[in-house]
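The values are calculated or read from the model by the stated rules, or taken from the named source; none is laboratory data. This structure is a prediction, so every number in the text was calculated from the model and none was measured. Every residue, glycine as well, gets a Cβ built from its backbone with ideal geometry; the counts of neighbours run over all protein chains shown. The protein model used for the area step is the full one, side chains on, heavy atoms only, and it has no ligands, DNA or RNA in it. Shrake-Rupley method; radii C 1.70, N 1.55, O 1.52, S 1.80 Å.
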Amino acid sequence: MNQEPNHTILRIDDLSIAFDGTRVVDSISFDIARGEIVGLVGESGSGKSLTSLAVMGLLPPQAQLSGSIRLSTQEGEIDLLNAGKNRQIRSEHISMIFQEPMTSLNPSMRCGAQVGEKLKIKGKHSSEEIHRKVIELFDLVQLPDPETTYRKYPHELSGGQKQRVMIAMALISEPSLLIADEPTTALDVTVQKSILDLLKKLQQELGMSILFISHDLGVISTLCDRVVVLYKGKIVETAATSTIFSNPKQPYTQGLIACRPGQTPKGNRLPVLQDFLSESSPKPNLPQKVTTIVDQEEKQVLLQVKDLTKYFVVSNPIIGKPKHFTAVENVGFELYAGETLGLVGESGSGKTTLSRCLLMLEKPSKGEILYHGKDLATISSSEMRKLRKDIQIIFQDPYSSLNPRHSILRILTEPMQIHGIAGSGKTRKNLAAELLEKVGLDADALNRYPHQFSGGQRQRIGIARALAMRPKIIICDESVSALDVSVQAQVLNLLNDLKKEFDLSYIFISHDLSVVRYMSDRLIVLRHGIIQEYGDAEKIYQNPSTQYTQELIAAIPQIESLKNQ
């Protein structure tokens, strides 16, 4: 921030939010100065989003609120909890960017019309004025070819472009306060960096205040002037960003910082929050248990991929040749027994297409996938059915990959039954209970349903389902990307423990290079379906040979005070 803020624009005093008498936000107080960026950080369920929705007046009617939220405007001070007829004034001064732009944008409306709709409703601007204003905003948020983007539908844009449209929509009313609720969580690291740079630039040019909500402390460190840390609905610490990260006072804040994979040497267990919050836990500064890394001197090839190419027909005209889109081109690598092979790249790089080919959910256009000497692309469907249990996958979103109508017992035992594992129903139930205990859940969870678990617990169930097949290879497809940093640490530790216990090999797919670096023995960097780098993960991270890999590494949010540690 170039200049000192002159006065408070938003003041929250003793705010509490309850549902059915249960407090989920408990007597929190903080303020935001004009021209300041304040970070609101904490795990899922800490009350971050509920606080922002209270400011916006978007909480459901059954929410019980107390305390005060006051907004300073040129017209005077507004009590936002009792806005009443001033609700329209609030909307003119505060805008919000949501986490997932695809669910926030109307898929049936062109992007330009959506951004200009707010001005159209007011009826104070002509169509030409609205069009000009939207084009100016699209140019301001650095969208390519604003006139073309104006006419496009959301599905025609990339994730980063959709988020820029959301930012333009938030800026159309020229707000004095912008609330950004996890606006970069679902984005690639390079796109995330461009969005953060854009928000910082816009804040300085327009003089806005920003309340930036995130569970990623690296992002908070990069962007914010001051940080408010929430834990179970209460503020546990608030201070200038440099103070929070150089000298965190509270164990919870210390734990959030320490849980990030970039702070722990490869092979060491990641610290988890319980290490900091429980007096009975080992002190976090003591040596942690070391996980197993594959012995590079004794390599046994488990899976070999040769010249794998996958293309899709995008148009097939009556006259002329079909047009193809090549998603993966001439990819070749080996996976060794007991190894974790990292696969990193931006959205559209071909990571998921490659994983679907390895699972034979997509048939390769050419090339070989050799497993125990058999080319998976040429064997019969009956042979593939027998081998399928050997290669399993853990998906990114554990909720959408678990049938909400099935109990956990059925989710775990149905694949066993299909593949003839563990004979009787009783034996399968006992094995399912054992698997839940292996992933840190109680056996009584068998009779519950996916919606009754947290995100981290659902991911553990997904891991248990993969283990039920007794696989040799597990593909982890962005399997920790949607998790809080503390839950992420627990799941990564669990994956390393299970790898050793069950003699597993992983293909670990992610766009987060810091996580891949921590987990992987070797690394593949993929771009536009082509391998850019392939080799020892640490060597690539320390000395990348391509500009693309250098850009991926440079875009990783770094906590300034920890960069040189």
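Once amide H atoms are placed 1.01 Å from N in the peptide plane, what residues at a sequence separation of 5 or more from GLY529, or on another chain, have their amide H within under 5 Å of its amide H?
GLY350
Tally Lys and Arg at +1 and Asp and Glu at -1 over the other residues with C-beta under 11 Å from the C-beta of LYS193: what net charge comes out?
For residues surrounding LYS193, the net value is -2.
Apply the Kirkwood formula to the range 451-533: the hydrodynamic radius equals the inverse of the mean of 1/r over all pairs of different alpha-carbon atoms; give it in Å with one decimal.
13.7 Å
Once you have a ≥ b ≥ c as the square roots of the Cα gyration tensor eigenvalues for the range 406-505, tell me rounded if a/c is under 1.5, and otherwise prolate or oblate according to whether a/b is larger than b/c.
Note, shape of the range 406-505 comes out oblate.
GLU117: accessible area at probe 1.4 Å, nearest 10 Å²?
Counting only protein heavy atoms, GLU117 exposes about 80 Å² to solvent.
Counting only protein chains, not ligands or nucleic acids, how are TYR541, TYR534 ordered by accessible area (probe 1.4 Å), most first?
The most accessible residue leads, giving TYR534, TYR541.
How many nm separate the modelled label positions at LYS299 and PHE19, each set 7 Å beyond the Cα in the direction of the Cβ?
5.1 nm
Could you give log10 I(q)/I(0) at q = 0.18, 0.23 Å⁻¹ for the range 141-245, computed by the Debye formula over C-alpha point scatterers of equal weight, without solvent?
Cα-only, vacuum Debye calculation for the range 141-245: -0.94, -1.36.
Please state the shape class of the range 347-421: rounded when a/c is under 1.5, otherwise prolate if a/b exceeds b/c and oblate if not, all from the C-alpha gyration tensor.
Since a/c reaches 1.5 but b/c is at least a/b, the shape of the range 347-421 is classed as oblate.
Cβ under 11 Å from ALA555's Cβ, ALA555 left aside: what net charge do those residues give with Lys, Arg +1 and Asp, Glu -1?
-4
For the chain, with equal point scatterers placed on the C-alpha atoms only and solvent neglected, what are the log10 I(q)/I(0) values from the Debye formula at q = 0.07 1/Å, to two decimals?
Results for the chain at q = 0.07 Å⁻¹ read -0.47.
How much FRET efficiency would the formula 1/(1 + (r/R0)^6) give for LYS232 and SER127, where r is the Cβ-Cβ distance and R0 is 41 Å, rounded to 0.05?
Working from the Cβ atoms, E equals 0.25.
222 nm [θ] for the chain, helices only, -39500 (n - 2.57) per DSSP H run of 4+, per residue, to 500?
-10500 deg cm²/dmol
Going by the alpha-carbon gyration tensor, a ≥ b ≥ c the square roots of its eigenvalues, is the range 86-222 rounded (a/c under 1.5) or, if a/c is not under 1.5, prolate (a/b greater than b/c) versus oblate?
Oblate shape, in that a/c is at least 1.5 and b/c is the bigger or equal ratio.
Within the accessible area of the range 355-454, what % is carbon and sulfur when the probe is 1.4 Å and the other protein chains stay in place?
46 percent
In Å², what does the accessible area per residue of the range 323-433 work out to with a 1.4 Å probe?
Each residue of the range 323-433 exposes 48 Å² on average to a 1.4 Å probe.
Give me the extension gain from TYR153 to ASP307: residue separation times 0.36 nm, minus the current Cα-Cα distance, reported in nm with one decimal.
Computed gain between TYR153 and ASP307 is 51.8 nm.
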